[in-house]
Amino acid sequence: MDYPSSHFALLSALLAIAAASDVALRRIPNVVVVAVAAAGIASQAVVHGMGNAASGLAAAGITAGVLWPAWKRRMVGGGDLKLAAASAGWIALAGVPVYFVASALAAGMLAVVAYSASTLGARSAMRRNLVALALGSGSADLPLQPVPGRAVVPAGAAFALGALFTILFGGTP
């Protein structure tokens, strides 16, 4: 980890608030997202210099651009997209690939939890949809709104976990 413990503690607290809100309310407050973004760019500038602060801004922009199509198709929420981009500011360009993979793995683990928490009927419908997609006869347009009996995957929590992993274990300046 290339940040002082106080910076990492601040990020951890902010991401914990965002993840808890995402899990409990399916909403991530903008004030938390702005705090993550501002603290990330400021921390980059103070600890690593203005070049890395610019790299953090670029990472945030790229992350938002990559997630934009998923948001347009309602596969991730707006708060998830904003938190992912804000968190990328802490990571900078060099860490974006690790961040994306770590976040995807976290989302996969949370998907297993959500699947397990869903009703039998919802799980049956999910299996049918996955089989239809695998056979090419289904649509990947999934609803963002909760379906009765289906537990949702808190993507914001996955991005929070991905950011913390990336900062702790690699991919940051």
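The values are calculated or read from the model by the stated rules, or taken from the named source; none is laboratory data. It should be emphasised that the depicted structure is a prediction, and the values quoted were computed from it without experimental measurement. Don't worry about glycine lacking a Cβ; one is built from the backbone with ideal geometry, like all the others, and counts go over all protein chains shown.
Kindly provide the set of residues from the stretch 26-45 that are over 22 Å from Ala58 (Cα atoms) and at pLDDT 95 or above, ordered by number. Step through it out loud before you land on a result.
First, the residues of the stretch 26-45 that are over 22 Å from Ala58 (Cα atoms): 26-29.
Hits for the stretch 26-45 are Arg27, Ile28, Pro29.
Tell me, which residue of the stretch 71-90 that is out of contact with any Asp or Glu (no Cβ under 9 Å at 6 or more places or on another chain) and at pLDDT below 95 is nearest to Ala9 (Cα to Cα)? Can you show your working first?
To start, the set of residues in the stretch 71-90 that are out of contact with any Asp or Glu (no Cβ under 9 Å at 6 or more places or on another chain) comprises 72, 76, 78, 81-82, 84-90.
Add one more test, that the residue is at pLDDT below 95, and what stays is 72, 76.
Working: Lys72: 33, Val76: 27 Å.
Among those residues, the one meeting the criterion is Val76.
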In the set Asp2, Asp22, the lone residue that is modelled with pLDDT under 95 and charged (D, E, K, R) is Asp2
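Each row is one residue, and each column tells you yes or no for (1) surrounded by fewer than 19 Cβ atoms within 10 Å (Cβ to Cβ); (2) of a type in the set (Val, Ile, Thr).
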residue: Pro29; (1), (2): yes, no
residue: Val32; (1), (2): no, yes
residue: Ala35; (1), (2): yes, no
residue: His48; (1), (2): yes, no
residue: Ala60; (1), (2): no, no
residue: Val66; (1), (2): yes, yes
residue: Val76; (1), (2): no, yes
residue: Asp80; (1), (2): no, no
Residues of the stretch 131-153 being out of contact with any Lys or Arg (no Cβ under 8 Å at 6 or more places or on another chain), surrounded by fewer than 12 Cβ atoms within 10 Å (Cβ to Cβ) and either aromatic (Phe, Trp, Tyr) or at pLDDT below 80 (or both), in sequence order, are Gly136, Ser137, Ser139, Gln145
**OP:** Report yes if some residue within the stretch 58-73 is out of contact with any helix residue (DSSP H, G or I) (no Cβ under 8 Å at 6 or more places or on another chain) and among the charged types (D, E, K, R); otherwise report no.
**Re:** yes
Expected output for the stretch 48-77 (first residue hydroxyl-bearing (Ser, Thr, Tyr), partner surrounded by 13 or more Cβ atoms within 10 Å (Cβ to Cβ), Cβ below 6 Å, 6+ apart or cross-chain) is Ser55/Ala92; Ser55/Leu93; Thr63/Ala84; Thr63/Ala85; Thr63/Ala88
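How many of the residues making up the stretch 16-33 are part of a helix (DSSP H, G or I) and within 18 Å of Ala151 (Cα to Cα)? Quick ask: steps written out before the conclusion?
Within the stretch 16-33, the subset part of a helix (DSSP H, G or I) is 16-25, 30-33.
If we keep only those that are within 18 Å of Ala151 (Cα to Cα) too, we end up with 19-25.
The number of residues fulfilling the criteria is 7.
Go over the candidates Gly156, Gly171, Gly162 one by one and state the one that is modelled with pLDDT under 80, surrounded by 17 or more Cβ atoms within 10 Å (Cβ to Cβ) and not basic (Lys, Arg). Outline the logic, then answer.
Working: Gly156 fails: modelled with pLDDT under 80; Gly162 fails: modelled with pLDDT under 80.
Of the residues listed, the single one that is modelled with pLDDT under 80, surrounded by 17 or more Cβ atoms within 10 Å (Cβ to Cβ) and not basic (Lys, Arg) is Gly171.
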When the stretch 100-118 is checked residue by residue, the ones that are in contact with a helix residue (DSSP H, G or I) (Cβ under 7 Å, 6 or more places away or on another chain) and surrounded by fewer than 17 Cβ atoms within 10 Å (Cβ to Cβ) are Tyr115
